[in-house]
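*Asks:* This is the structure I have questions about; it appears just below.
The values are calculated or read from the model by the stated rules, or taken from the named source; none is laboratory data. The structure presented is a predicted model; accordingly, all values stated were derived computationally and were not measured. Cβ placement follows ideal geometry from the backbone for every residue including glycine, while neighbour counts extend to all protein chains displayed.
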């Protein structure tokens, strides 16, 4: 092994809602954490114009990705392809893309845990129909909708500072 070579195992946690979780093979320990730059990926099954879709959201960046809900059981194997396609459309350095894609090949499935990310997913699901044509939309329309959702100002839970009785309280949401 070369000096300075990384020996840590890189992996991502796919955090699925109950609707999706019951369709997936196995669930990991809830304490598992992603080692990727984008953190855990949350997924929910939604329906737009009677078409089932999977909505993914990165827990660290709130970057959305959308795909048709086909063969959900193999989702852990397809996650690298889905997220890789989404990231390839962003102005990201190729080396960083490669490292993130490599980490996405090892996927653990678990239940959701961050209600703030779930709330953002609900907002994205409500906005999505307005970004798609009224009928007859295609995969390229989904890509446009992803880009529009990604421009949405949003905030995930984190450290907030509040001032109470002349003291500063720090609360981690």
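*Asks:* Name the one entry in 86, 70 that is surrounded by fewer than 19 Cβ atoms within 10 Å (Cβ to Cβ) and outside any strand (DSSP E or B). Break it down into steps so the answer makes sense when it comes.
*Replies:* On the way: 86 fails: surrounded by fewer than 19 Cβ atoms within 10 Å (Cβ to Cβ).
Only one candidate qualifies: 70.
*Asks:* Separate question: Based on what the data block shows, is residue 119 surrounded by 11 or more Cβ atoms within 10 Å (Cβ to Cβ), more than 16 Å from residue 54 (Cβ to Cβ) and either modelled with pLDDT of 85 or more or touching a helix residue (DSSP H, G or I) at 6+ places or on another chain (Cβ under 9 Å) (or both)? Give the derivation first.
*Replies:* On the way: surrounded by 11 or more Cβ atoms within 10 Å (Cβ to Cβ): yes; more than 16 Å from residue 54 (Cβ to Cβ): yes; either modelled with pLDDT of 85 or more or touching a helix residue (DSSP H, G or I) at 6+ places or on another chain (Cβ under 9 Å) (or both): yes.
Yes; evaluated as a whole, the condition is true for this residue.
*Asks:* Filter the range 97-116 down to the residues that are under 14 Å from residue 60 (Cβ atoms) and part of a helix (DSSP H, G or I), then identify the one that is modelled with the highest pLDDT.
*Replies:* 116
*Asks:* For the range 57-74, what are the residues that are over 9 Å from the mean Cα position of the chain (by Cα) and touching a residue at least 40 places away in the same chain (Cβ under 8 Å)? Walk me through how you get there before you give the answer.
*Replies:* Within the range 57-74, the subset over 9 Å from the mean Cα position of the chain (by Cα) is 66-74.
66, 67, 68, 72, 73 - these are the residues of the range 57-74 that are over 9 Å from the mean Cα position of the chain (by Cα) and touching a residue at least 40 places away in the same chain (Cβ under 8 Å).
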